[in-house]
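Here's the structure we're looking at; comments come further down.
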């Protein structure tokens, strides 16, 4: 993602993990320089014993980008996660991740001018909350992935907005 800074446009890389079964997206990190030491640290964080979002996962599918270096793969293999690169030029094998990237770009990132890394982090985290709790998913019968518990089926309709009204969610007030 291109972000405006005092030095001009700077490219930031967003690393995310998505579970295919329930489509939960976890943010691995955001950086300007995804070198091997950063990727190794992200792999360690993702596979931590109690708090890692790759706990219980046996496989990690990823594209053939050189950023998925040997250190990244070895750090995951130590925790029991086998890295499997998808074949070249086959985005359909990684369709859920491709769709998430398209969603965040079309619904948020292309409609905003971001100033610095902090604004990019804020937008991505707000979109993740919206994606998980407030956005209907056609592939899941137009249901919410992880809805907040409803308090009432009666009452006035209320609108919750994120990112200055760019993302909206309507629900009934208690």
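Here, each number is a calculation from the coordinates, and none is a lab measurement. Quantities reported herein were computed from a predicted structural model and do not represent experimental measurements. Using ideal geometry, Cβ is built from the backbone for each residue, glycine included, and neighbour counts are taken over all protein chains shown.
A few notes on this one:
- Note on the range 153-167 and the range 91-119: Cα centroid distance 22 Å, given to the nearest whole angstrom.
- By the helix-only formula, in which each DSSP H run with n ≥ 4 contributes -39500 (n - 2.57) and the sum is divided by residues, the chain has a 222 nm mean residue ellipticity of -9000 deg cm²/dmol.
- Using a Förster distance of 35 Å, the FRET efficiency for residue 160-residue 70 (Cβ separation, nearest 0.05): 0.20
- DSSP bridge pairs, the range 1-117: antiparallel proportion in percent, nearest 5: 65
- At full extension, residue 136 and residue 50 could sit 28.0 nm farther apart than now, given 0.36 nm per residue minus the alpha carbon distance.
- D (Stokes-Einstein, µm²/s), Kirkwood Cα radius, the chain, 0.890 mPa s at 25 °C: 137
- Comparing the range 74-115 with the 2.2 N^0.38 Å rule of thumb, its C-alpha radius of gyration ratio is 1.68 (two decimals).
- Relative to the dominant Cα principal axis of the chain, helix 116-133 is inclined by about 60°.
- Remark: the residue 148-residue 77 segment gains 22.1 nm on full extension, using 0.36 nm per residue and subtracting the alpha carbon distance.
- Degrees between helix 95-107 axis and first principal axis of the chain (Cα, 0 to 90, nearest 10): 50
- The base-10 log of I(q)/I(0) for the range 80-145, evaluated at q = 0.20, 0.21, 0.24, 0.29 Å⁻¹, reads -0.95, -0.99, -1.05, -1.19 [Debye formula, identical scatterers on Cα atoms, solvent excluded].
- Ranking of 106, 117 by neighbouring Cβ atoms within 10 Å, starting from the fewest: 106, 117.
- Sorted fewest first by neighbouring Cβ atoms within 10 angstrom, 21, 11 come out as 21, 11.
- Length-normalised contact order of the chain in % [C-alpha pairs under 8 Å, at least 6 apart]: 16
- Annotation: for a label point projected 7 angstrom from Cα along Cα→Cβ of residue 110, residues of the range 1-28 with backbone N closer than 17 Å are 1-3.
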